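> The structure's right below; bear with me while I get my questions together.
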Amino acid sequence: MERPQKKIVVVGAGFGGLTFCRHFAHPAAEVTLVDRTNHHLFQPLLYQVAMAGLSAPDIAQPIRSIVSQRPRLEVLMDEVLGFDLASRRVICRENRLDYDFLVLAFGSLTSYFAHPEWEQFAPGLKTLDDALLIRRNVLLAFERAENLRNPEEQARLMTIVVVGGGPTGVELAGACAGTVYAYFPRFS
């Protein structure tokens, strides 16, 4: 008599979720990997995308290609809305996924330290959309400054404030300076 397959749902295709999926192998298990995007993002290089040093595809790889060698692994692009722990079910926008085992590898969110009003002035840097928003805002401000002859207005448009002195903040600050020197030498 054949034993029923155990269902494992992995939420998140970042480093944690993908590491689990790439290394877990059991013949009696089916794995479903759920993420709201269809790509894995190498977040340590997001600052390079934000400052036009790299393009988005340089740091994003399709999830399916990363786990393509794993048998009995399904990848779903879906947004997790909640969990029914009593019924062992993950509730997604498009799917309801029953599980025997649940692996949570959500990743992180930008923290504004109990000041949500800061978000409108200081976008986070956790996603490709974040990086592309920063890139667009910075490059458009530089382009506007290039067309002005008022030094005070130019200085205002060319001022970038990086909040956060961790690795990402330090790298972003350095990349900001590099962008000015590379693309707008008149301001350096």
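> When you scan the range 123-140, do you find a residue that is over 19 Å from VAL49 (Cβ atoms) and of a type in the set (Lys, Arg), even just one?
Among the residues of the range 123-140, not one is over 19 Å from VAL49 (Cβ atoms) and of a type in the set (Lys, Arg), which makes the answer no.
> For THR110, state whether it is hydroxyl-bearing (Ser, Thr, Tyr) and over 30 Å from ALA177 (Cβ atoms).
no
> Output the residues belonging to the range 107-150 that are surrounded by 13 or more Cβ atoms within 10 Å (Cβ to Cβ), among the small types (Gly, Ala, Ser) and part of a loop (DSSP other than H, G, I, E, B).
Residues satisfying the conditions are GLY107, ALA122, GLY124.
> Another question, then. Only one of these is closer than 28 Å to GLY166 by Cα, surrounded by 15 or more Cβ atoms within 10 Å (Cβ to Cβ) and either within 18 Å of the chain's Cα centre (by Cα) or not aromatic (Phe, Trp, Tyr) (or both): GLN61, GLN48. Name it.
The unique qualifying residue is GLN48.
> Mind telling me which of the residues ARG136, ARG96, ARG144 ends up being of a type outside the set (Phe, Trp, Tyr) and in the same structural domain as PRO27 (by TED's automatic domain parsing)?
Sole residue among the options that is of a type outside the set (Phe, Trp, Tyr) and in the same structural domain as PRO27 (by TED's automatic domain parsing): ARG96.
> Looking only at the range 139-171, how many residues end up being in contact with a Phe, Trp or Tyr (Cβ under 8 Å, 6 or more places away or on another chain) and of a type in the set (Ser, Thr, Tyr)?
Final tally of qualifying residues: 1.
> If I go through the range 34-74 residue by residue, how many of them are of a type outside the set (A, V, I, L, M, F, W, C) and under 26 Å from VAL180 (Cβ atoms)?
Residues in the range 34-74 being of a type outside the set (A, V, I, L, M, F, W, C) and under 26 Å from VAL180 (Cβ atoms): 8 in total.
> With the condition kept exactly as written, say whether any residue in the range 177-185 is in contact with a helix residue (DSSP H, G or I) (Cβ under 6 Å, 6 or more places away or on another chain) and either free of Cβ contacts under 8 Å to residues at least 24 places away in the same chain or hydroxyl-bearing (Ser, Thr, Tyr) (or both).
Within the range 177-185 (the criterion being in contact with a helix residue (DSSP H, G or I) (Cβ under 6 Å, 6 or more places away or on another chain) and either free of Cβ contacts under 8 Å to residues at least 24 places away in the same chain or hydroxyl-bearing (Ser, Thr, Tyr) (or both)), the answer is no, since none of the residues qualifies.
> How many of the residues in the range 151-188 are part of a loop (DSSP other than H, G, I, E, B) and among the aromatic types (Phe, Trp, Tyr)?
Matching residues across the range 151-188 total 1.
> For the range 66-121, how many residues meet the condition of being without any contact (Cβ under 8 Å) to a residue 12 or more places away in the chain and aliphatic (A, V, I, L, M)?
Selection size over the range 66-121: 4.
The values are calculated or read from the model by the stated rules, or taken from the named source; none is laboratory data. The structure displayed is predicted, hence computed values, not measured ones. Note: ideal-geometry Cβ built from the backbone for every residue, glycine included; neighbour counts use all protein chains shown.
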